[in-house]
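The values are calculated or read from the model by the stated rules, or taken from the named source; none is laboratory data. This structure is a prediction, so every number in the text was calculated from the model and none was measured. Glycine gets a Cβ as well: all are built from the backbone with ideal geometry, and neighbour counts include every protein chain shown.
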Amino acid sequence: MSEQKFKHITERSRAIYGQGFIPLHRPVFEGNERQYLVDCIDSNFVSSVGEKVTEFERHIADFTGAKHAIATVNGTAALQVALQLAGVNRGDEVLVQSLTFIATCNSISYTGGIPVFLDVDQDTLGLSPTALEKFLKAHVEMRHGQAFNKGTNRRIAACVPVHIFGNPCRIAKTIALCDAYGISVVEDAAESLGSYVGKQHTGTFGKLGAFSFNGNKLITTGGGGMIITDDDELAHRAKHVTTTAKVPHPYEYVHDEIGYNYRLPNLNAALGCAQMERLPQMLEIKADVARRYTQCFDDMGVSYVHALSGTTSNNWLNAIIFDGLEDRNAFLKYSNDAGVMTRPIWRLLNTLSMYADCQHDGLENSRWLEDRVVNIPSSVPDGAFDH
């Protein structure tokens with residue numbers, strides 16, 4: 001790709017976001033955030049007990065269509081607890097993609113699980129049902145209704161597909177394959193609040209789903225996460241485990257298992273409540289930004305990561321695909337030197353020292369994408385809520 005195209009891409013970002021430094025994705029606080037924070041301070045409920053936590057959970061459950069939502073301190077904690085509740089025990093294997101943020105894999109490790117890395121689809125960047133089916137047929141045998149890896153003799157307890165950059169993966173096919181082998185599916189929906197397959201929200205297909213509200217996400221609570229599920233018992237267990245497994249009592253401190261201090265503080269939830277009020281409008285604005293990018297890139301012949309037909313992306317992070325590593329690196333230098341923040345997709349997790357010994361299937365598509373995918377500025381533009 002020529003430097004002239006690099007210039008056109010960065011100019012498109014400037015046409016959307018203006019002059020000066022352009023961040024990749026910044027939070028927007030233009031609603032009731034300040035007032036709700038003051039309300040929390042005035043109430044004296046600023047930690048993990050307070051009405052805003054419950055209200056935020058209700059917002060997420062209503063928006064996603066999930067029966068239950070349980071707020072946590074961050075998305076990593078949400079995914080860790082979801083995996084634990086799905087039955088992942090120490091020494092169990094978890095099928096997961098290598099092309100994802102490290103928190104996905106760390107969550108598996110926190111449970112004592114062992115990642116097995118499978119390839120992704122080039123169009124969704126998410127876990128490939130084709131790769132999953134190939135692995136299951138070649139490496140799995142059933143013992144008393146449970147899946148075991150013939151090579152390692154370990155139980156395969158769960159599968160974690162990821163909806164990358166807000167683009168839904170082929171989740172229905174993944175669920176069907178895992179159901180046939182008795183493998184629980186926990187969706188890493190950290191980046192996909194506001195994304196749908198048909199009319200069904202991401203995170204609601206598997207046994208449990210997990211969202212993140214980190215500072216760079218579509219909506220933010222500063223830090224925060226959410227477990228969603230339709231299972232009454234799992235929801236009860238999720239809340240119990242994330243509140244130090246304390247048995248309810250007016251004044252006694254009795255804990256009936258090892259739990260975690262993972263409950264979201266009321267202050268953070270207050271931000272989330274205000275952010276949820278603007279979410280529908282934010283999704284419209286993000287869709288418009290994506291349209292402005294794609295119209296330009298189609299004319300230029302630049303490959304852009306689109307949501308699959310029949311799915312809706314929240315357009316959290318826009319991504320383009322270069323011809324190879326040399327082009328990608330040249331553009332990263334050009335754009336960042338010009339004050340337009342861009343970043344490469346993550347390094348494959350199996351290339352990191354702590355996961356280098358994990359089994360994988362060759363990861364052909366993952367390696368191809370690792371060399372080519374770049375995220376470009378994707379924030380809500382200044383003043384967009386005024387129109």
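Among the helices (runs of 4 or more DSSP H) contained in region 1-82, which hold 1 or more residues that are in contact with a strand residue (DSSP E or B) (Cβ under 6 Å, 6 or more places away or on another chain)?
The helices (runs of 4 or more DSSP H) meeting that bar are 3-17, 51-64.
Is one or more of the residues making up region 318-336 within 30 Å of Val53 (Cα to Cα) and not assigned by TED's automatic domain parsing to the domain that holds Lys134?
Within region 318-336, none of the residues are within 30 Å of Val53 (Cα to Cα) and not assigned by TED's automatic domain parsing to the domain that holds Lys134.
Being in a loop (DSSP other than H, G, I, E, B) and in contact with a helix residue (DSSP H, G or I) (Cβ under 8 Å, 6 or more places away or on another chain) is the filter; apply it to region 351-360 and report the residue that is nearest to Asn149 (Cα to Cα).
Top of the filtered list is Cys358.
Would you mention how many residues in region 219-265 are within 30 Å of Asn315 (Cβ to Cβ), in contact with a helix residue (DSSP H, G or I) (Cβ under 7 Å, 6 or more places away or on another chain) and either among the charged types (D, E, K, R) or at pLDDT below 95 (or both)?
Qualifying residue count, region 219-265: 2.
Given the structure, is Gly259 in a helix (DSSP H, G or I) and within 27 Å of Ala82 (Cα to Cα)?
Here the answer is no, as Gly259 does not meet what is asked.
Looking only at region 55-73, which residues are of a type outside the set (A, V, I, L, M, F, W, C) and either under 19 Å from Asn314 (Cβ atoms) or surrounded by fewer than 19 Cβ atoms within 10 Å (Cβ to Cβ) (or both)?
Glu55, Arg58, His59, Asp62, Thr64, Gly65, Lys67
For residues in region 216-252 being of a type in the set (Ser, Thr, Tyr) and part of a loop (DSSP other than H, G, I, E, B), which is surrounded by the fewest Cβ atoms within 10 Å (Cβ to Cβ)?
Here the residue is Tyr251.
So how many residues does region 323-336 have that are in contact (Cβ under 8 Å) with a residue 60 or more places away in the chain, outside any loop (DSSP other than H, G, I, E, B) and either under 15 Å from Asp288 (Cα atoms) or not hydrophobic (A, V, I, L, M, F, W, C) (or both)?
3
Let's see how each residue does on (1) surrounded by fewer than 18 Cβ atoms within 10 Å (Cβ to Cβ); (2) more than 15 Å from Gly310 (Cβ to Cβ):
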residue	(1), (2)
Ala147	no, yes
Phe165	no, yes
Pro168	no, no
Cys178	no, yes
Ile183	no, yes
Glu187	no, yes
Gly194	no, yes
Gln200	yes, no
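Being on the phi > 0 side of the Ramachandran plot and either in the same structural domain as Arg372 (by TED's automatic domain parsing) or modelled with pLDDT under 95 (or both), is that true of even one residue in region 33-45?
The answer is yes, given that some residue of region 33-45 is on the phi > 0 side of the Ramachandran plot and either in the same structural domain as Arg372 (by TED's automatic domain parsing) or modelled with pLDDT under 95 (or both).
Please enumerate the residues belonging to region 298-322 that are out of contact with any Lys or Arg (no Cβ under 8 Å at 6 or more places or on another chain) and assigned to a helix (DSSP H, G or I).
Within region 298-322, Asp298, Asp299 qualify.
In region 171-215, how many are in contact (Cβ under 8 Å) with a residue 40 or more places away in the chain, part of a loop (DSSP other than H, G, I, E, B) and of a type in the set (D, E, K, R)?
2
Considering each residue of region 337-350, count those that are outside any loop (DSSP other than H, G, I, E, B) and either within 19 Å of Thr294 (Cβ to Cβ) or touching a residue at least 60 places away in the same chain (Cβ under 8 Å) (or both), and give that number.
Adding up the residues that qualify gives 4.
Has region 286-303 got any residue that is more than 19 Å from Gly18 (Cβ to Cβ), hydrophobic (A, V, I, L, M, F, W, C), in contact with a strand residue (DSSP E or B) (Cβ under 7 Å, 6 or more places away or on another chain) and surrounded by 14 or more Cβ atoms within 10 Å (Cβ to Cβ)?
yes
Identify all residues within region 94-117 that are of a type outside the set (A, V, I, L, M) and either farther than 16 Å from Ile183 by Cα or part of a loop (DSSP other than H, G, I, E, B) (or both); write none if there are none.
Selection gives Ser98, Thr100, Phe101, Thr104, Cys105, Asn106, Ser107, Ser109, Tyr110, Thr111, Gly112, Gly113.
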